[in-house]
Amino acid sequence: MSGERQGLAGLILAQGAEIDGVPLEERESRFEEVGDRLAAAGVRPGDPVVLRGLQGRDLLLAAVAAWRLDAVPVPLPVSVSPGDSSAPRDACHVRPDLQVAPRTSDAPAFDLTGTAVLHLSSGTTGRPKLVKRGVGSLVVEAEGYRVGLSLVPGDRVAVPIPLAHSLGWGVAVSALVNGSSVEVTPLAGIGSLSRRIDSGAVSVLAATPPLARLLVDAPRRGERGLRAAIAGAGRVPEELDRVFRERFGVSLLRGYGSSETGGTFCGTDGIGRPLPGVEVLRPDTGETGELVLRLAAPVQGYLGGGEQSTHEWWTGDVVRRERDGVVRFVERTRGPLRLNGRFVDVSELDAALRSVPGVDDVHFLAVPRNPTPEIEDFFVVVAGSPGVEATLADRLERAGAPVPRLVRCERLPANTLGKPDRDAMIDLVRKDNAGARA
């Protein structure tokens with residue numbers, strides 16, 4: 001199975017893939033240069049190749065170059081430090097200037113047979129982990145996006161969101177596999193991106209809801225629009241869909257998936273309908289319950305997590321499955337929280353706090369204490385209107401031990417992809433705790 005990664009690279013190159021308008025195999029793209037540097041660094045089949053802090057064009061170039069050498073790219077955001085435990089140790093690194101640092105010793109003996117990429121999970125349900133995505137999973141996802149976005153060769157697909165995240169990665173790689181060109185405009189270039197859309201230079205867009213809002217507000221510089229647009233990693237309000245449609249001529253397709261599976265749903269309502277290769281096992285039609293899927297390509301699990309390969313995926317999200325096939329997100333399932341080595345069931349307390357009028361969202365945290373991180377403190381961050389603190393404190397006082405410390409805010413901190421930002425919430429509770437001690 002070791003040739004599957006090389007086959008994936010060959011498929012992309014055979015399509016005449018372009019990134020930012022430059023074919024990969026032209027000297028100007030630096031694709032051959034990166035591949036030569038990886039080979040000179042001694043990259044072997046099955047080796048992980050860490051792409052930390054790389055963005056846009058450089059990340060895609062390095063990933064395809066790694067595949068051509070039968071290696072496994074590991075895209076990591078710049079926020080992950082080189083010594084972080086979530087990054088593979090002693091692996092080859094590609095730096096943002098496309099210089100290659102060879103591994104310092106033999107790479108860990110992980111079984112990466114058939115693995116195409118190691119992705120960092122979002123961390124919304126615990127500490128981020130490296131997810132193993134198989135070659136087959138990427139190919140199935142590419143077919144799903146081909147159908148969901150009606151991708152055709154010659155499309156110019158703009159992906160102005162972080163490619164280290166599975167949403168941006170999935171759409172960008174799927175576009176390359178399907179012979180479409182990829183535009184990887186950085187987030188700072190909203191004006192430039194809107195002009196390219198208005199001029200017809202971009203036909204398909206992948207965005208987050210906040211980014212879609214910024215594009216709607218950009219001045220119009222032409223009469224052309226988009227053929228398709230998808231927004232993921234956050235809720236798309238009906239009002240945003242309306243103004244986006246008025247500005248760009250198409251509705252915002254809703255996208256849904258996970259780091260472990262890639263994109264699984266796409267559509268104009270709710271979280272959409274399942275993409276090709278995805279079957280809904282639960283809940284039944286007309287019912288509400290946890291979303292359970294059967295996937296055409298197996299989920300490989302997590303790096304270092306033992307041998308895993310399953311076609312069934314429990315998403316951890318509660319949804320409503322309508323009779324017309326549309327699936328609507330209801331809430332995230334509330335499982336036990338690990339606190340100082342023991343699991344604490346927060347489901348009843350979560351429901352009690354959410355029932356308070358004026359409360360919009362609730363998030364529980366186990367936060368390492370400074371300067372003794374081996375001890376964790378229990379917090380609950382509540383997004384709600386001013387004045388709810390007394391009622392919340394009463395609900396907490398009546399709860400069984402352990403009782404979390406309450407921190408209220410107007411809105412839960414979120415990252416650029418619209419997901420709850422756990423690190424920002426930890427900073428928030430630490431600042432609040434420091435203020436309480438002062």
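Specify the longest stretch of the chain that does not include any exposed loop site, a site being one of the GluC sites (Glu not before Pro) with a non-H, G, I, E, B DSSP assignment and at most 16 other Cβ atoms within 10 Å. So the longest stretch without any such site is 27-222.
Only Cα pairs under 8 Å and 6+ residues apart enter the sum, and on that basis the relative contact order of the stretch 336-437 stands at 21 percent.
For Leu253, the residues whose modelled amide H falls within less than 5 Å of its own, excluding neighbours fewer than 5 places apart on the same chain, are Ala229, Ile230, Ala231.
Of all beta bridges DSSP finds with both residues in the chain, what is the antiparallel percent, to the nearest 5? Close to 65 percent.
With the Cα gyration tensor of the stretch 336-437 giving a ≥ b ≥ c as the square roots of its eigenvalues, does the rule (a/c under 1.5 for rounded; else a/b larger than b/c for prolate; else oblate) give rounded, prolate or oblate? The shape class here is rounded.
Annotation: amide H-H contacts under 5 Å for Gly316 (H modelled 1.01 Å from N, sequence separation of 5 or more, or interchain): Leu291.
Think of the chain as a dipole: +1 on every Lys or Arg Cβ, -1 on every Asp or Glu Cβ, centred on the Cα centre; then among Val94, Ser347, Thr261, Ser347 lies furthest on the positive end. Using only alpha carbon pairs under 8 Å that are at least six residues apart, calculate the relative contact order of the chain and give it in whole percent. Once normalised by length, the contact order is 10 percent.
Residues in the stretch 69-77 carry Karplus couplings, in order, of 8, 6, 9, 10, x, 10, x, 10, x Hz; the curve used is 6.51 cos²θ - 1.76 cosθ + 1.60 with θ = phi - 60°, and Gly or Pro positions show x. Distances between every pair of Cα atoms in the chain, grouped in 10 Å steps from 0 to the bin holding the largest one, split as 4, 20, 29, 27, 15, 5, 0 percent. The H on the amide N of Arg408, modeled in the peptide plane, is under 5 Å from the matching H of Val382, each at least 5 residues off or on a different chain. Mean residue ellipticity at 222 nm, helices only, the chain: -8500 deg cm²/dmol; runs of at least 4 DSSP H residues each add -39,500 (n - 2.57), and the sum is divided by the number of residues.
Every number in this text was worked out from the coordinates using simple rules, so none of it is lab data. Since this is a predicted model, take the numbers as computed values, not measurements. Methodologically, a virtual Cβ is constructed for each residue, glycine included, from the backbone with ideal geometry; neighbour enumeration extends over all protein chains shown.
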